[in-house]
Amino acid sequence: MTPPANRSVPPQETRTEKATPMMQQYQRIKDEHPEALLELGRLQPAEILLPDDWAPDRKGRLAAAAGAVLTDLPGFRFDEDAGRSQLLEFFRLDSLEGSGLAAYGPGLGASAAALFYLAETQRSSLSHIHRLSPYTLSTHMRLDEATIRNLELVRSLSDGSRRNTLLDVLDCSRTSMGARKLRQWVLRPLLDLGQIRARQAAVAELAEPGSRRQALTDLLDRTYDLERLAGRVGAQSATPRDLSALAATLRLLPELKQALGHFSSGLLAGSARTLPECASTAELLSRALVDQPPVTHKEGGVIRAGYHAEVDELRDLSHSGRNTIASLQAREREQTGISSLKVEYNQVFGYYFEVTKANAKLVPEHYQRKQTLVNSERYTTPELLEYERKVLGAQDRLMALEEELFLELRRKVSGQLLEIQQAAAEVAQLDALLSLAEAALRYQYQRPVVDDGPVLEIQDGRHPVVERLTPDKFVPNSVLLDKEQNKVLIITGPNMAGKSTYLRQTALIVIMAQIGSLVPAGSARIGLVDRVFTRVGAADNLAQGQSTFMVEMTETANILRHATPRSLVILDEVGRGTSTFDGVSIAWAVAEYLHDRADAKTLFATHYYELTELALSKPQVKNFNIAVREWKDQIIFLRKIVAGSADRSYGIQVARLAGLPNEVISRAQEVLLNLEKANYTEAGSSRLAEHAGESQAAGAGQMGLFEDAPARELARWFADLDPERMTPLEALNALSALKRKLEP
């Protein structure tokens, strides 16, 4: 049994993508601000501030594209001139020239609006904000949202958590601020060779056997989150326990500074020189606060004995009251003969003598009744009232004075905030460097060579996440991309063989190298990459009216528009979301564009074996495949990339591994044989691509991949004829049909 004779591929429904209003809005705002949108997608802000005079449709486009909450502020808050004046006043400057902000015209209004919004919503001081730093796109590798998602840099595709991501592998940090710093590094790899090499040198020195890394790690284990504590101090919301934690951390800075003095690499030696010790602030806090202060300063018990004379005096009076009460109770029992008499206190009645009803007849006449209960009576005396006034007044004054002293202490500490923030930045950087060193030691990473050349060469590279999940089974692979021989690599091979792993590990190693990390490879030479692009996997975006194939084409279009000769492009199965002919056409054209126009270093994994014929007409296109072996109609994945193209997809064998019924497998093999007869020549080359090289060599303006469609249709028609089984009449009818097909 054979498939229908007039089809070379199984029938497929071709979907037509319609431009919905939401898609049109998204496209318009992409055209207006394409780079800003890419960056918003990477940063994923929770909220965006906008002038209230923006047109509603413009706001709608931004909301659709950015996926953030939009908050309106009066338009004048974004005025450039007003913003300049407000920033000068806020930072107490005469000019913005020295701050590097003067050239950011519209940004001045936006910055002033953001400061206003913070002051209004936080209802606190912004004294911890000492400067503004311009956020530029030219100093860091730009990773779009699709690349961050597809490479699972900080979030897993499976469940959205951090588990099994690059950050999960690299994060061995000891502090929260170090973890935040490392996450920032992963999302913003460097483009400055000097900064990259400085980080590498520090990580390599920390990872050396016998280094004093452990001393630094032990100190960081005792360190609190200086960044968050500084923010609370600046906002005047720090609690007694916050200040106590701050003091404990500041006391460690001299030891940390001394430990850093044993290292020679630039970043570590520089930190040893510039790390503030904050000695005066640490001494002030240690002298003012008790060892274990309460949660809030409203409760009292915050100020250490010896810090303030009046506090000590009031506290003595309050504490001595207990002895006074005990002696007063003993004396009254003796004088009245009431052995069960007690001196008690509550918030309503204050201090009182409590006597049971059975002893009421023994109460002296000068006792004044305050309350009658079922089983007892409560009394007071002039002496007890005087004691109550004195003690309660001292307690109230003590609590008020302690609160006053604590608030004053917090204000004094906020005056040293700039120094504390500098220390926090140094400690966060140190923790991030130690984290990279720890990961390098655990997983045997090597220091790569990062230079300004065009070569990307990785020997025995490994996927940093996958090798952790399969440590005994992972097979390393090498890659070489350059401008002379290997610009575009077409990677073929069956599903599950490791194509996607190979593509992703290459991109991850490049990113790791440019954040200053050591890398999972035998050796690596990384020519500086300005952007990493990925197009992998299948996902839709129905909220914006985009099907799976539309998302695929949108991401591919972004790559083609922005890839440069310094970019690394990772493509996995481009064109699989539509019909076979459409998909091959798109994949072929994309590969040619990246080779000819974008001139980008490209890894292109595909099941379209027609693409391997690009190497016939494009000298910088090379074919590689993931090796497999067949044994008794089964396949064994060798996970090794080798030169040349795969001769089969092995999809049916993979389907068998997945558990498809034997009847389905057998029928699929029958259909495959018939399709291969129609789609491949006797020499084994693809009929789809056999004339592509000729049309390109002839200088055709458009690729001639499908120009000879009638001839191929005839070829398929002939392939379905079986002369040995045809009757004479059937042969005459076939000849007549052929004549009709050839008539003009």
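Among the polar types (S, T, N, Q), over 20 Å from the mean Cα position of the chain (by Cα), under 25 Å from D599 (Cβ atoms) and at pLDDT 80 or above, is that true of T534? Against the criterion (among the polar types (S, T, N, Q), over 20 Å from the mean Cα position of the chain (by Cα), under 25 Å from D599 (Cβ atoms) and at pLDDT 80 or above), T534 does not qualify.
Among the candidates A440, A400, which residue alone is assigned to a helix (DSSP H, G or I), of a type in the set (G, A, S) and modelled with pLDDT of 95 or more? From the options A440, A400, the qualifying one is A440.
Give me a count of the residues in segment 569-580 that are under 21 Å from K618 (Cα atoms) and open to solvent by 30 Å² or more (accessible area, probe 1.4 Å). So that I can check it myself, show each step before the final result.
In the first step, residues of segment 569-580 are kept if they are under 21 Å from K618 (Cα atoms); the result is 569-575.
Then keep just the ones that are open to solvent by 30 Å² or more (accessible area, probe 1.4 Å); that gives 573.
Residues that pass the stated criteria total 1.
When you check I559 against the structure, is it more than 15 Å from L456 (Cβ to Cβ) and at pLDDT below 90, yes or no? No; evaluated as a whole, the condition is false for this residue. Residues that are open to solvent by 10 Å² or more (accessible area, probe 1.4 Å) and in a helix (DSSP H, G or I) within segment 246-258 comprise A248, P254, E255, K257, Q258, listed in sequence order. Determine whether segment 439-461 contains at least one residue that is touching a Ser or Thr at 6+ places or on another chain (Cβ under 9 Å), more than 20 Å from A207 (Cβ to Cβ), among the hydrophobic types (A, V, I, L, M, F, W, C) and in contact (Cβ under 8 Å) with a residue 12 or more places away in the chain. Yes. Of the candidates Q429, Q416, Q421, the single residue that is open to solvent by 10 Å² or more (accessible area, probe 1.4 Å), modelled with pLDDT of 95 or more and either within 30 Å of I303 (Cβ to Cβ) or under 38 Å from the mean Cα position of the chain (by Cα) (or both) is Q429. Listed by first and then second residue, the pairs linking a residue in segment 136-147 that is in contact (Cβ under 8 Å) with a residue 60 or more places away in the chain and over 14 Å from Q44 (Cα atoms) to a residue that is assigned to a helix (DSSP H, G or I) and not acidic (D, E), with Cβ atoms under 6 Å apart and 6 or more places separating them unless they lie on different chains, are M141/Q514.
When the criteria are applied in full, D242 fails the requirement of being among the charged types (D, E, K, R), part of a loop (DSSP other than H, G, I, E, B), under 24 Å from A400 (Cα atoms) and open to solvent by 10 Å² or more (accessible area, probe 1.4 Å).
Restricting to segment 496-523, name every residue that is of a type in the set (A, V, I, L, M) and within 30 Å of Y608 (Cα to Cα). Listed by number, the residues that qualify are M496, A497, L503, A507, L508, I509, V510, I511, A521.
A Cβ distance below 9 Å, combined with a sequence gap of six or more or placement on separate chains, defines the contacts here; from segment 729-744, residues that are modelled with pLDDT under 75 reach residues that are of a type in the set (F, W, Y) in the pairs K741/W717.
Screening D31 with (1) at pLDDT below 65; (2) over 22 Å from A146 (Cα atoms); (3) open to solvent by 80 Å² or more (accessible area, probe 1.4 Å) gives one miss only, at (2). Here the condition is being among the β-branched types (V, I, T) and in contact with a Phe, Trp or Tyr (Cβ under 7 Å, 6 or more places away or on another chain); of T249, T217, T223, it holds for T249 alone. Of everything in segment 635-653 that is among the β-branched types (V, I, T) and within 13 Å of G498 (Cα to Cα), the residue that is modelled with the lowest pLDDT is I636. Filtered by the rule that a residue be open to solvent by 40 Å² or more (accessible area, probe 1.4 Å) and on the phi < 0 side of the Ramachandran plot, segment 434-461 gives E438, L441, R442, Y443, Q446, R447, V449, D452, P454, E457, Q459.
In segment 655-670, the count of residues that are in contact with a Phe, Trp or Tyr (Cβ under 7 Å, 6 or more places away or on another chain) and either surrounded by fewer than 12 Cβ atoms within 10 Å (Cβ to Cβ) or modelled with pLDDT under 70 (or both) is zero. Of all residues in segment 494-510, those that are in contact (Cβ under 8 Å) with a residue 60 or more places away in the chain and closer than 16 Å to V574 by Cβ have Cβ atoms under 9 Å from Cβ atoms of residues that are open to solvent by 40 Å² or more (accessible area, probe 1.4 Å) and part of a helix (DSSP H, G or I), 6 or more apart or on another chain, in R504/V466.
For segment 226-239, give me each residue that is closer than 18 Å to P293 by Cα and not in a helix (DSSP H, G or I).
The answer is Q236, S237, A238, T239.
Yes/no matrix, rows are residues, columns are (1) assigned to a loop (DSSP other than H, G, I, E, B); (2) touching a Pro at 6+ places or on another chain (Cβ under 9 Å); (3) buried (at least 17 other Cβ atoms within 10 Å of the Cβ):
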site	(1), (2), (3)
E89	no, no, no
D94	yes, no, no
A113	no, yes, yes
E120	no, no, no
L132	yes, no, yes
T147	no, no, yes
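Give I586, I636 a once-over and let me know the one that is over 34 Å from the mean Cα position of the chain (by Cα), open to solvent by 40 Å² or more (accessible area, probe 1.4 Å) and aliphatic (A, V, I, L, M).
I636
In segment 152-173, the residues that are farther than 16 Å from A437 by Cβ reach residues that are surrounded by fewer than 15 Cβ atoms within 10 Å (Cβ to Cβ) and of a type in the set (A, V, I, L, M) with C-beta atoms within less than 8 angstrom, at least six apart or across chains, in these pairs: N164/L469.
If you check R468 against the conditions, is it surrounded by 15 or more Cβ atoms within 10 Å (Cβ to Cβ) and in contact with a Phe, Trp or Tyr (Cβ under 9 Å, 6 or more places away or on another chain)? Yes. Candidates Q184, Q200: the one that is of a type in the set (S, T, N, Q) and open to solvent by less than 20 Å² (accessible area, probe 1.4 Å) is Q200.
Looking only at segment 203-215, residues that are touching an Asp or Glu at 6+ places or on another chain (Cβ under 9 Å) and open to solvent by less than 10 Å² (accessible area, probe 1.4 Å) come to 1 in all. Here is a list of conditions, (1) within 19 Å of I420 (Cα to Cα); (2) modelled with pLDDT of 95 or more, and R232 meets all of them except one; can you say which number that is? That leaves (2) as the condition not met. For segment 492-537, a tally of residues being within 19 Å of A146 (Cα to Cα) and open to solvent by 20 Å² or more (accessible area, probe 1.4 Å) returns 5.
The residues of segment 597-632 that are closer than 23 Å to A643 by Cβ, of a type in the set (D, E, K, R) and open to solvent by 50 Å² or more (accessible area, probe 1.4 Å), listed by number, are K622, R629, E630. Taking the criterion of being modelled with pLDDT of 75 or more and among the small types (G, A, S), the only residue of segment 86-101 that qualifies is S95. Residue count for segment 96-111, restricted to those that are open to solvent by less than 50 Å² (accessible area, probe 1.4 Å) and either of a type outside the set (A, V, I, L, M) or within 22 Å of P45 (Cβ to Cβ) (or both): 9.
The values are calculated or read from the model by the stated rules, or taken from the named source; none is laboratory data. Since we're looking at a predicted model, the values are computed, not measured. Methodologically, a virtual Cβ is constructed for each residue, glycine included, from the backbone with ideal geometry; neighbour enumeration extends over all protein chains shown. All accessible areas refer to the heavy atoms of the entire protein, side chains included, with ligands and DNA or RNA removed. Shrake-Rupley method; radii C 1.70, N 1.55, O 1.52, S 1.80 Å.
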